[in-house]
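Each remark here refers to the structure printed beneath this line.
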Amino acid sequence: LLDLDFSPAQREQMLEIVNGRREQYAAIRAADLDNSVPLALNFNVQPADPVPAAVPRTYAMSAGAPVTRPADLEEAAFLPVTQLAELIRSRQVTSLELTEIYLNRLKRYDPVLQCVAAYTDDLAIEQAKRADDEIARGRYRGPLHGIPWGAKDLLATRGYPTQWGAAPYQGQQLDIDATVVQRLEEAGAVLIAKLTLGALANGDVWYGGTTKNPWDTSEGSSGSSAGSGAAVAAGLVGFAIGTETMGSIVSPSTRCGVSGLRPTYGRVSRYGAMALCWSLDKIGPMCRSVEDCALVFSAIYGPDGRDMTLSPEPFEWNPALDPHSLRIGYVASAFKAADEGVTDAHHRQQGAELQRVNQVNSAAVLDVMRAQGFELIPIELPAADLSGLWIILAAEAAAAFDQITRDGSVDAMKRQDNSAWPNVFRAARLIPAVEYINANRVRTRIMHELARVMSEVDVYISPSYGGNSLGMTNLTGHPAVVVPNGFTDKGSPTSITFVGGLNMEAETLAVAKAYQDATDWHQQQPDLSIE
């Protein structure tokens, strides 16, 4: 029936996953779905339209203190985009100078961090010189003009390899630019490198090694936006782009201590991006500050006529917005067990000590918000059993990479353990279509249940790994902003997450910015004496 031939060892490896699916299917069937519940997938009768309506873009920035050129320009490597932009706009620093500094830093620290999949030196120098020329002639495109950035290496870039972190795709070149790459070029940003991702957007292990956490190079950076997190944290790029299917912006942002925005599903075009799970994939910025995330999102969001899931909803960032007018909740039970939802092996093995630190650091966030006059509303998320819904990711990912499963090249991938993609892809061939559809119908029910909770708040706060918020909001498509909120006793960053209503990125960012403005965790720098 499958027209596939698995070896005895491969069939044996599949058993653990296949047998475990019994419980997942039981969880789906326990939902008692009647005929009125549709699946959480919509058929769009409209074909792609290559000429979409223009997307309005505004680039408002906070009025900060005057910025002057550092005596040692390399110190600018850790400045946020808001300050780098002013240095470039005022012509105290050229884009070419910044580009050369960041390229040199990448080449100095990458041998340890293993965060670069490919350099784009020639393109970067060309774009930087163009930016300087345009600015000198009075054509300033906005705060990203001349800012060096890094792309997660699942975004197609014409003329350079796009290798998806996986051995079967080494050397792959795609003769297109992803929409995100196009839009950042239009904003004047300078692409200096393709950054690593865990193979096929899973973890931090790729064909070239393991991307490292700049705060502790004995551990990985987490993933799958591994290189994006590491490069931003280490001051190797001005900002980076990551993607998330089920934690791939939140997790490396947490591990590396950077600020990340996971937008609402359907806000940023995935044209030219590797597909992992069509109903879950999202693209967003990873930066040194919340406001940087807002500026980058302003440049990349909106319909492009190619990704037909996109919403035309505008994004209007106002850094002066007073978030006290918003209804802000917090998931009360999650603050009592701040890492119950952890699926990351490194965090699990830290056990009770990490849980204690997360509880302390998370509780301190609520104290900071209350000290600023915010009235926080206790809420609880739906008590939904999400265990059966992981087959959605498994089935869609297996379909996305059916070719390498069939031709056997999946065997070249570096990870071949039970939970790695090769085994997941093989086992997914045995997921019944009815169970996949019913999992999406359960997803519809969860979407409605969470909508009822969100009708009472505009934004809520949750420990990043607390309860089921991370998994649930990826399934429902809600936006999230993750920011650093302290450190473990070993000196690794921890984080807090702000989740907003659908298409409410501006409000969610505003609340996160209020927290960040009252703290300095995002301004801390790792010790890079690792050369």
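Report, ordered by the first and then the second residue, all pairs with beta carbons closer than 6 Å, sequence separation of six or more or different chains, a first member in the stretch 112-125 that is within 16 Å of Ser222 (Cα to Cα) and part of a helix (DSSP H, G or I), and a second member that is at pLDDT 95 or above and of a type in the set (Gly, Ala, Ser).
Leu113/Ala230
Which one of these is at pLDDT 95 or above, touching a helix residue (DSSP H, G or I) at 6+ places or on another chain (Cβ under 8 Å) and part of a helix (DSSP H, G or I): Ser253, Ser224? Let's see the steps before the verdict.
On the way: Ser224 fails: part of a helix (DSSP H, G or I).
Just one listed residue meets the conditions, Ser253.
Yes or no, residue by residue, for (1) acidic (Asp, Glu); (2) modelled with pLDDT of 95 or more; (3) surrounded by 18 or more Cβ atoms within 10 Å (Cβ to Cβ):
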residue	(1), (2), (3)
Gly284	no, yes, yes
Glu291	yes, yes, yes
Ser298	no, yes, yes
Ser311	no, no, no
Ala320	no, no, no
Pro323	no, yes, yes
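What tally of residues in the stretch 301-323 results from selecting those that are outside any loop (DSSP other than H, G, I, E, B) and in contact with a Pro (Cβ under 8 Å, 6 or more places away or on another chain)? Let's see the steps before the verdict.
As a first pass, look at the stretch 301-323 and keep what is outside any loop (DSSP other than H, G, I, E, B): 301, 323.
If we keep only those that are in contact with a Pro (Cβ under 8 Å, 6 or more places away or on another chain) as well, we get 301.
Here the count works out to 1.
Since Tyr265 meets every condition but one in (1) in contact with a strand residue (DSSP E or B) (Cβ under 6 Å, 6 or more places away or on another chain); (2) within 29 Å of Ser95 (Cβ to Cβ); (3) part of a loop (DSSP other than H, G, I, E, B), which condition does it not meet?
Failed condition: (2).
Out of all the residues in the stretch 324-339, which are in a helix (DSSP H, G or I) and out of contact with any strand residue (DSSP E or B) (no Cβ under 8 Å at 6 or more places or on another chain)? I'd like the intermediate steps shown before the answer.
First, the residues of the stretch 324-339 that are in a helix (DSSP H, G or I): 324-325, 332-336.
His324, Ser325, Ser333, Lys336 - these are the residues of the stretch 324-339 that are in a helix (DSSP H, G or I) and out of contact with any strand residue (DSSP E or B) (no Cβ under 8 Å at 6 or more places or on another chain).
Among the listed residues Ala85, Ala9, Ala26, Ala76, identify the single one that is surrounded by 12 or more Cβ atoms within 10 Å (Cβ to Cβ), without any contact (Cβ under 8 Å) to a residue 60 or more places away in the chain, of a type in the set (Gly, Ala, Ser) and part of a helix (DSSP H, G or I). Explain how you work it out, then say what you get.
Values: Ala85 fails: without any contact (Cβ under 8 Å) to a residue 60 or more places away in the chain; Ala9 fails: surrounded by 12 or more Cβ atoms within 10 Å (Cβ to Cβ); Ala26 fails: without any contact (Cβ under 8 Å) to a residue 60 or more places away in the chain.
Only one candidate qualifies: Ala76.
Results for (1) farther than 25 Å from Pro463 by Cβ; (2) surrounded by fewer than 24 Cβ atoms within 10 Å (Cβ to Cβ); (3) in contact (Cβ under 8 Å) with a residue 12 or more places away in the chain, shown as yes or no for each residue.
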position: Gly150; (1), (2), (3): yes, no, yes
position: Asp175; (1), (2), (3): yes, yes, yes
position: Ala187; (1), (2), (3): yes, yes, yes
position: Asn202; (1), (2), (3): no, no, yes
position: Gly220; (1), (2), (3): no, no, yes
position: Gly229; (1), (2), (3): no, no, yes
position: Val237; (1), (2), (3): yes, no, yes
position: Thr245; (1), (2), (3): no, yes, yes
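Residues Gln355, Gln416, Gln372: which one is farther than 17 Å from Gly165 by Cα, polar (S, T, N, Q) and without any contact (Cβ under 8 Å) to a residue 40 or more places away in the chain? Please lay out each step first, then the result.
Values: Gln416 fails: farther than 17 Å from Gly165 by Cα; Gln372 fails: without any contact (Cβ under 8 Å) to a residue 40 or more places away in the chain.
Criteria check complete, one pass: Gln355.
Take the stretch 17-33 and flag every residue that is of a type outside the set (A, V, I, L, M, F, W, C) and modelled with pLDDT of 85 or more. Don't jump to the end; show me each part of the working.
Looking only at the stretch 17-33, we keep the residues that are of a type outside the set (A, V, I, L, M, F, W, C), and these are 19-25, 29, 32.
Hits for the stretch 17-33 are Asn19, Gly20, Arg21, Arg22, Glu23, Gln24, Tyr25, Arg29.
Select from the stretch 413-464 the residues that are part of a loop (DSSP other than H, G, I, E, B), exposed (fewer than 15 other Cβ atoms within 10 Å of the Cβ) and charged (D, E, K, R) and list them in ascending order.
The answer is Asp417, Glu456.
Against the definition (at pLDDT 95 or above, basic (Lys, Arg), in contact with a Gly (Cβ under 8 Å, 6 or more places away or on another chain) and closer than 30 Å to Arg130 by Cα), how does Arg267 come out, yes or no? First the steps, then the outcome.
Working: at pLDDT 95 or above: yes; basic (Lys, Arg): yes; in contact with a Gly (Cβ under 8 Å, 6 or more places away or on another chain): yes; closer than 30 Å to Arg130 by Cα: yes.
When the stated conditions are applied, Arg267 passes them.
The values are calculated or read from the model by the stated rules, or taken from the named source; none is laboratory data. Just so it is clear, the model here is predicted, and its values are computed rather than measured. Positions of Cβ are backbone-derived with ideal geometry, glycine not excepted, and every protein chain shown enters the neighbour counts.
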